[in-house]
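Nothing in this text is a laboratory measurement; each read-out follows from the coordinates by a stated rule. All values derive from a computational prediction rather than experimental measurement. We place every Cβ from the backbone using ideal geometry, glycine too, and count neighbours over all the protein chains shown.
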Amino acid sequence: MVEPIRMTTRADRKKFIVEAGYNTFLLRSEDVYIDLLTDSGTNAMSDRQWAGMMLGDEAYAGSRNFYKLWETVTQYYGYKYLVPTHQGRGAEHILSQIMIHPGDLVPGNMYFTTTRLHQELAGGTFVDVIIDEAHDPANLHPFKGNVDLAKLERVIRESGPRKVPYVCIAGTVNMAGGQPQSMENMRAVSELCHREGISVVLDATRAIENCYFIQQCEPGYESKKIAEILKEYCSYTDTCTMSAKKDALVNIGGWLATNQQGLFEEARNLVVVFEGLHTYGGLAGRDMEAMARGIVESVQDDHIRARIGQVEYLGNHLLDWGIPIVRPVGGHAVFLDAKGFYPHIPQSQYPAQSLACSIYLDSGVRTMERGAVSAGRDAKTGQEHFPELELVRITLPRRVYTQAHMDVVAESVLEVYENREKARGLRMTYEPKYLRFFQARFEPVK
Ligand SMILES: *Cc1c(COP(=O)(O)O)cnc(C)c1O
């Protein structure tokens, strides 16, 4: 599929970003030249997936495509039971409502926005147990998504294992800069949790990308296929939630998969309340068919090498020019270090939000903030979180753009970097209650 993209002038873009309240989420897609806001649902589907869209069995109950999806998830991810959902947060909602009780703690390797919110809405509190290296954009640890086992043990000791319904592991870790977790670390987390009777839940959204880093960097995995590594990685966990809009190469879809029969039965019941019947979970039959075909394509070694290779290409370009980015280059995106770009803008004036706007103004390239705006406020005290990492995410959709597009993006970032002294901070003029980064509005600080 080929889509036209439209060039705008700087004067146009100035008008558009003011109208959008200095929030790239509020721009219209037609006013964007190269759209690197997210890799979520923005992937190009293949000929085979589109052909599958014609084979939708749109029966209300028991669609053929549902059974195919279930078999495919079991074949590649290994889980016994499947509950489809309309996207990742649908699965997170159901899981959190079933497993979390008020006062519970949910340790995880750095927070994710929707995941943490669903944990909080269910009465739980997220506790960060990622290794310290993850908070330092310059640290070259190859597995910055790893769990610090001592931190995890301390949480379990101090609260008692009964207060920890599960540990939530994401591989790769989006908020840390797309950083992977090693197989060795996953195995250790699994052993520790299972010894304490605690479940391990995988946020499998980018698990296949995580497996690529295991193949490239972890001794013993260099000659294994991605599909084989994925099966082993998931085998240490009990349950997964999935946003198929990322790894699985579709525009919409997700699931909750588990080996635990009790959880499956509860989830299959609850999905009817929030998403749809347990054999479609808010999706059309054709969406489930595209997802099943997408999974098969997503584990191909050539695909994943080309995908992450493109991210590396952009990242290395920026590094060659001395531009501050999170290192090592992550799986799905290059993350600019906004504190390194704009040391003169205090974090309370959202330097990363301002940087995303500068890039849009310069070239029409759309990126997004991953810093204080995304981190939001503490659920109990109402205080703003100011995370160590104040980043702009340049996210690459899968199979959409070419290397030439990456050159345009790199040159624009360089232009913005060279004019960095002129940048100003932002003040928030409208703040929604939940996941504020999607809809907040700003104006430049005078
Ligand atoms: C996107 C994402 C989610 C939420 O999935 P949606 O499909 O957007 O609802 C959860 N976890 C991670 C790591 C994600 O990237």
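Modelled this way, with points 7 Å down the Cα-to-C-beta line, the labels at Ser235 and His385 are 3.4 nm from one another.
Using the Cα centre as the reference, give the magnitude of the dipole from point charges on the C-beta atoms of the range 47-298 (Lys, Arg: +1; Asp, Glu: -1; all else neutral), rounded to the nearest 20 debye. Could the numbers behind the result be given before it?
Working: 23 positive and 31 negative charges, 62 e Å.
The calculation lands at about 300 debye.
Less than 5 angstrom separates the built amide H of Arg370 from those of Leu391, Val392, Arg393, all sequence-distant by 5 or more or on a different chain.
Between Glu443 and His101, the C-beta separation translates, for a Förster distance of 51 Å, into a calculated FRET efficiency of about 0.75.
The angle separating the long axis of helix 226-235 from the principal Cα axis of greatest extent in the chain is about 60 degrees.
If R0 is 22 Å, the Cβ-Cβ spacing of Ala51 and Met1 corresponds to a FRET efficiency of close to 0.95.
Computed from point charges on the beta carbon alone (+1 for Lys and Arg, -1 for Asp and Glu), the dipole magnitude for the chain about its Cα centre is near 760 Debye. Annotation: the residues Met291, Met45, sorted from fewest to most other C-beta atoms within 10 Å of their own C-beta, follow the order Met45, Met291. Cα gyration tensor of the range 47-298, axes a ≥ b ≥ c as square roots of the eigenvalues: rounded (a/c below 1.5), prolate (a/b > b/c) or oblate? Taking the square roots of the gyration eigenvalues as a ≥ b ≥ c, the range 47-298 is oblate.
The order of Val189, Val2, going from fewest to most other C-beta atoms within 10 Å of their C-beta, is Val2, Val189.
In order along the range 62-77, the phi-based Karplus estimate (6.51 cos²θ - 1.76 cosθ + 1.60, θ = phi - 60°) of 3J(HN,Hα) comes to x, 3, 4, 5, 5, 5, 5, 4, 4, 4, 5, 4, 5, 5, 9, 9 Hz; Gly and Pro are listed as x. Summary of the geometry: the range 58-132 and the range 307-375, compared by the centres of their Cα atoms, lie 29 Å apart.
Please report the relative contact order for the range 47-298, taking Cα pairs under 8 Å with a sequence separation of at least 6, and give it as a percent rounded to a whole number.
On the way: 522 pairs, mean separation 80.3, N = 252.
Relative contact order, the range 47-298: 32 percent.
For the range 126-225, GluC sites (Glu not before Pro) meeting the loop criterion (DSSP other than H, G, I, E, B) and having at most 11 other Cβ atoms within 10 Å: Glu222. The simple spin-label model puts a point 7 Å past each Cα toward its Cβ; for Glu265 and Arg305 those points are separated by 4.7 nm. Quick check for you: which residues of the range 169-196 have the amide N under 17 Å from the point 7 Å beyond the Cα of Ala138 toward its beta carbon? Inside the label zone: nothing. Note down the net charge around Gln75, summing +1 for each Lys or Arg and -1 for each Asp or Glu among other residues with Cβ under 11 Å from its Cβ. For residues surrounding Gln75, the net value is +1. You can think of it this way: the chain between Glu184 and Ser159 has 6.4 nm of extra reach, that is 0.36 nm per residue less the Cα-Cα gap. Per-residue Karplus couplings for the range 49-57, computed as 6.51 cos²θ - 1.76 cosθ + 1.60 with θ equal to phi - 60°, are listed in order as 5, 5, 4, x, 4, 7, 10, x, 9 Hz, Gly and Pro entered as x. The amide H of Tyr33, built 1.01 Å from its N in the peptide plane, has Val365, Arg366 as neighbours under 5 Å, considering only residues 5 or more places off or on other chains. Dividing the summed helix terms, -39500 (n - 2.57) for each DSSP H run of n ≥ 4, by the number of residues in the chain produces a 222 nm estimate of -12500 deg cm²/dmol to the nearest 500. Taking 16 Å as the straight-line reach from the Cα of Lys151, the aspartates and glutamates in range (excluding those fewer than 8 positions away in the same chain) are Asp128, Asp132, Glu133, Glu191, Glu196. Annotation: extensible slack from Glu431 through Leu149 equals 97.9 nm (criterion: 0.36 nm per residue apart, minus Cα-Cα distance).
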